[in-house]
């Protein structure tokens, strides 16, 4: 027999996957670093040539401009560092309120979309299809320029029950004024919360050992509402409404929501609610009907079925996309810059940048803030998601 | 004893379940709560719909050439839109040159129409599509910009209106999809350095608002480039929008890649296909098909986001309308202007979403239940 001796074929080294992997990664890294250095060099040159200062020293110099809405004490003599905090708080305020309103509205529309009532379901569908297909900026502009800027002057304000007034300067609401005795009401509320927690633990233990349920929800509500009410009455109602009043050409007293804030909030809530409604609908539809039937045949009533069977499973589907919508809303609140609501982008990446000329620092700080918020919220929601996620065998 | 049996009296017939009445009973009045909801919805429609119809149609002013025509009318003044329509469509593009835009649009429609004919064989469609993708942008750019073949040059700062919106959206979509696919592949790659680079890139762009990206491209880009090199304003916006949406696209495509079972990758490798061939022939066709809704959603988001270029002073549809509204000669027609712009954006976004639903159904190859 003859043996064929096959000469060992060694593939060339550039066809070796391991070599290729190392080569491509090294090339990518070198290209990235070279690009970074190139930009860095150019920036250094340009800054020197244009005589722009660099560094964060500007944060302590006085800003010299006013801001139309501030949550913390601020004046034109304050520093750019304080401008940053005022702007950040404004961004957080409008985002937090927007998230609350959008969630409420979104849940209502999402449930209405699944209603057995044909008219209600179609109305909800129309809402969703109309508002999510129109750019948010256009909606903000509509509410600001076409609706709120077209309101009458303070003297001809729209009057709602002599307490709410709507005019070109904004929406005037009655403000709450706390009297000295209000501390007692807060103490009673704190005590009620502690009592509720203790009572829930006790009720759970009792149900585990004896099987007897305890009306936890109604007792908790009674405690949470009853105790502060009793304290309120005993302390002689230490709370007053301060109703805005027309004096001269403007209103005094009360709480004012500036039109910039109102239109931004309206547009953000209405726009995001359309997306949340679709998420809620998908989440509820993802729980199969067999779950409801199984629960009812086990003898749970409809409320318990909803609370113990459907909602926990629906939330598992709802939460990840909902987080994305909350993040989108927070990022979208930066469109405030287009109508002059003093948020982070308008005051810090806008006015401060124009006054100091330090573009890189201002934009970097602004981007870092949004990046931090995004990463923080996604981290928290990922942790939560891990806790509610399905544990498979 | 004779037992007399009295028949039970006839029961009334059950309520009709067919016909209009039955339908209404089932869908509108099935329970007291439902009746209340129907009443509420009807009331809402009763107070809003006539108001809207009167404003938009019956009391509106349609004819005339100036704002005097709308004096005294209580409804919408569509004359405002009619007078400005050319401006809303072309922006400040020179009137004498607008035929070039129309020709480009006509070419696009003629070139793309065969792609939507079902009976067309697939290889022809692929060739046509790729040809369109490569050559149409060049033809359109030459037509729009000019300066060649005896066409007078038109600066990009003069492009505007719906034309500019479509240019940004079109370029953004065609560039963001391939870039997003590459980023998604990089994120799923076995090479740690490539993976880290892609994750950093994606998470960075997804974490910041588009408006800060546009700010960055308008104030920081000049600082990054060597002295004397200056980018066109439109190009800067295009780069910003594309990179931003590519990051979102990457996450959508990654979802599709993750849904492909490992056996598909292994089978491709066992057949002797290299990485790129395995991806292009086996994995991506399946993965992209799975995420069509997500891709179209990203396209819709991109289309809506083009309105943000107003922030850096480009005159897209949104800014052109806004500009016409704030024109002192035509004050007081902001509602008409915004409603018109909203209708145009809505039409594009809604048809895209409808088309994607249609495509999803057509490409479904699984077993129908």
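What follows is calculated from the coordinates using simple rules that are stated; it is not laboratory data. What you see is a predicted model, and the numbers here were worked out from it, not measured in a lab. Neighbour counts are summed over all protein chains in view; Cβ atoms, including those assigned to glycine, are modelled from backbone coordinates with ideal geometry.
Observations on the structure shown:
- When only Cα pairs below 8 angstrom with a gap of at least 6 residues are kept, chain B shows a relative contact order of 17 percent.
- Among A:111, A:198, A:345, the largest mean-square fluctuation in a Gaussian network model of chain A, built with springs joining Cα atoms closer than 10 Å, belongs to A:198.
- Exposure proxy shown here: for A:233, B:23, the number of other Cβ atoms within 10 Å sets the order, fewest to most, as A:233, B:23.
- Segment B:338-356 and segment B:242-256 have Cα centres lying 22 Å from one another.
- Packing-based exposure ordering (other Cβ within 10 Å, fewest first) of B:251, A:293, A:129: A:293, A:129, B:251
- Two-site FRET efficiency, residue B:35 against residue A:193, from Cβ-Cβ distance with R₀ of 51 Å, rounded to 0.05: 0.80
- Chain B - mean residue ellipticity at 222 nm from DSSP helices (-39,500 (n - 2.57) per run, n ≥ 4, rounded to 500): -21000 deg cm²/dmol
- Separation of segment B:221-235 from segment B:276-333 is 24 Å, based on Cα centroids.
- Global size of the protein assembly as shown as Cα Rg and Dmax, reported in angstrom: 31.5, 125
- Highest mobility in the GNM of chain A, judged by mean-square fluctuation with C-alpha springs under 10 Å and restricted to A:284, A:276, A:130, is found for A:130.
- Between segment B:95-136 and segment A:134-190, the Cα center-to-center distance that results, in Å: 53 Å
- Computed per residue of chain A from DSSP H runs no shorter than four, each worth -39500 (n - 2.57), the mean residue ellipticity at 222 nm is -20000 deg cm²/dmol.
- Highest mobility in the GNM of chain A, judged by mean-square fluctuation with C-alpha springs under 10 Å and restricted to A:64, A:340, A:190, is found for A:190.
- Calculated log₁₀ intensity ratio I(q)/I(0) where the Debye formula runs over C-alpha points of segment B:92-154, q = 0.14, 0.21, 0.28 Å⁻¹: -0.48, -0.82, -1.15
- Rel. contact order, % - alpha carbon contacts under 8 angstrom, at least six apart, chain A: 21 percent
- Its relative contact order, with pairs defined as Cα atoms under 8 Å and 6+ residues apart, puts segment B:92-154 at 35 percent.
- Residue exposure proxy: B:55, B:99, B:78, ordered by other Cβ atoms within 10 angstrom of their Cβ from fewest to most, comes out as B:99, B:55, B:78.
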